[in-house]
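K.L.:
First the structure, then my questions, so here it is.
What follows is calculated from the coordinates using simple rules that are stated; it is not laboratory data. Bear in mind the structure is a predicted one, so any value in this text is a computation, not a measurement. Note: ideal-geometry Cβ built from the backbone for every residue, glycine included; neighbour counts use all protein chains shown.
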Amino acid sequence: MLGVITGAVLVLIGAVLTVLIWWAGVPAIVVGALGAAWVWWWAPRNQRSWGYTEAPEDFVVRGGIMFRRLVAVPYGRMQFVDVEAGPIARHFGFATVTLHTASTKTAAGIPGVPIDEANRLRNRLTELGDSRGAGV
């Protein structure tokens, strides 16, 4: 009789654990699927939102999906240009180019730039900053 009761208790515990795991697992799967769908939809839009152009007197950077930002940084006001790439970005061949000025409001960053273009951009902007900032 004790073996039957022990067996019934173990079956009941197993059933309760199965229900708890099911209830905890389904939300986790749903949240994971929704997160993956959000990234799949958001990532290409975020990439397309970033852009830059080299104007005659300043460097213009735009970006942002929901809150758009347009920054024009005069070449003569650039203090230095920073190229950063973490291990994952380096693996995929991308870097972030950051333009630093005396004011934090006019500092601008461009994420997801191919590494060769980032290095070219750093050299070009440094050259333009040196030539335009000579009288400052």
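K.L.:
Among residues other than Arg68 whose Cβ falls under 14 Å from its Cβ, what is the net charge (Lys/Arg +1, Asp/Glu -1)?
P.N.:
Once all neighbours under 14 Å are counted, the net charge is +4.
K.L.:
Report which label in (i) 0.98; (ii) 1.00; (iii) 1.41 holds the value of Rg/Rh (Cα atoms, Kirkwood Rh) derived from the coordinates of this structure.
P.N.:
(iii)
K.L.:
Would you work out the relative contact order for the chain, in percent, from Cα pairs under 8 angstrom that are 6 or more residues apart?
P.N.:
That works out to 17 percent.
K.L.:
Taking springs between alpha-carbon atoms closer than 10 angstrom, which of Ile65, Ile13, Ile110 fluctuates most in the Gaussian network model of the chain?
P.N.:
Judging by the Gaussian network model, the answer is Ile13.
K.L.:
Right, another one. Relative to the longest principal axis of the C-alpha atoms of the chain, give the angle of the C-alpha long axis of helix 2-49, reported between 0 and 90° and rounded to the nearest 10°.
P.N.:
With rounding to tens, the tilt is 20 degrees.
K.L.:
Going by a ≥ b ≥ c, the root eigenvalues of the Cα gyration tensor, does the range 46-90 fall in the rounded group (a/c under 1.5), the prolate group (a/b larger than b/c) or the oblate group?
P.N.:
Oblate is the answer for the range 46-90, as a/c is 1.5 or above yet b/c matches or exceeds a/b.
K.L.:
Any chance you could give the angle, 0 to 90 degrees and rounded to 10, that helix 115-132 forms with the longest Cα principal axis of the chain?
P.N.:
On a 0 to 90 degree scale, this one is about 30.
K.L.:
Pick from Gly14, Gly86, Gly35: which is most flexible by mean-square fluctuation in a GNM of the chain where alpha carbon atoms under 10 Å apart are linked?
P.N.:
Result: Gly14 has the largest fluctuation of those listed.
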